[in-house]
1. Checking the structure you have, find out if any residue of the range 113-127 is open to solvent by less than 90 Å² (accessible area, probe 1.4 Å), more than 22 Å from Asp30 (Cα to Cα), free of Cβ contacts under 8 Å to residues at least 12 places away in the same chain and outside any loop (DSSP other than H, G, I, E, B).
2. Checking Phe134 against (1) over 19 Å from Ala75 (Cβ atoms); (2) crowded, with 16+ Cβ neighbours inside 10 Å; (3) touching a residue at least 12 places away in the same chain (Cβ under 8 Å): exactly one of these is not met. Which one?
3. Go through the residues of the range 144-161 one by one and say whether even a single one is touching a residue at least 40 places away in the same chain (Cβ under 8 Å), among the charged types (D, E, K, R) and open to solvent by less than 60 Å² (accessible area, probe 1.4 Å).
Amino acid sequence: MSTRTRLNPDNRREQLLELGVAMLGARPIDDFSIDALAHDASISRGLLYHYFGSKQEFLHAVLRRMADGLFEATAPVDEPDMGERLRISLLAYLQWVQANQTGYVSFVQEAHRGNTAVREIYLNTRAALIDRIFVSSTAEELAAYGITDAPHARMFARSWGAMAED
């Protein structure tokens with residue numbers, strides 16, 4: 001019999017999200033189990049629903065947490081050369097995807113299946129990752145690569161990002 005531990009609401013919510021991210025890293029979204037998560041967290045299903053309302057709300061919170069982890073993992077480093085910053089961020093992206101491959105592939109597939117909420121999380125994350133190139137670079141750095149921060153350049157970068165991801 002597992003021992004239940006009383007946590008304050010913020011700590012419990014964090015625990016559940018971290019367990020959800022770990023679970024999603026090991027199995028596809030279709031195999032995501034509230035029962036298994038409740039068992040691992042030593043809580044009742046009802047407590048999970050108290051914090052998140054439904055399995056879908058919990059899954060969306062887990063995917064947002066996962067996306068935040070990717071965004072953090074690929075943060076620009078303190079490197080004066082823009083090309084080197086991008087190379088390091090791209091390597092961090094690839095390492096993160098490799099380390100979280102099952103969950104990430106499942107996330108992308110679910111977004112492409114037409115789940116509106118998941119697709120929104122996915123697209124917002126991808127846009128933030130791509131837009132970071134423009135936000136973290138000066139106009140002079142961009143110009144050295146023949147780039148200006150304009151809508152068409154961001155669209156091209158987002159298209160390239162989608163192609164590279166596929």
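The values are calculated or read from the model by the stated rules, or taken from the named source; none is laboratory data. All values derive from a computational prediction rather than experimental measurement. Heads up, the Cβs are rebuilt from the backbone with ideal geometry, glycines too, and the neighbour counts pull from every protein chain shown. With ligands, DNA and RNA removed, areas are computed over all heavy atoms of the protein, side chains included. Shrake-Rupley method; radii C 1.70, N 1.55, O 1.52, S 1.80 Å.
1. No, every residue in the range 113-127 fails to be open to solvent by less than 90 Å² (accessible area, probe 1.4 Å), more than 22 Å from Asp30 (Cα to Cα), free of Cβ contacts under 8 Å to residues at least 12 places away in the same chain and outside any loop (DSSP other than H, G, I, E, B).
2. (1)
3. Taking the range 144-161 and keeping what is touching a residue at least 40 places away in the same chain (Cβ under 8 Å), we get 144-145.
Filter again for among the charged types (D, E, K, R), leaving none.
For the range 144-161, residues touching a residue at least 40 places away in the same chain (Cβ under 8 Å), among the charged types (D, E, K, R) and open to solvent by less than 60 Å² (accessible area, probe 1.4 Å): absent.
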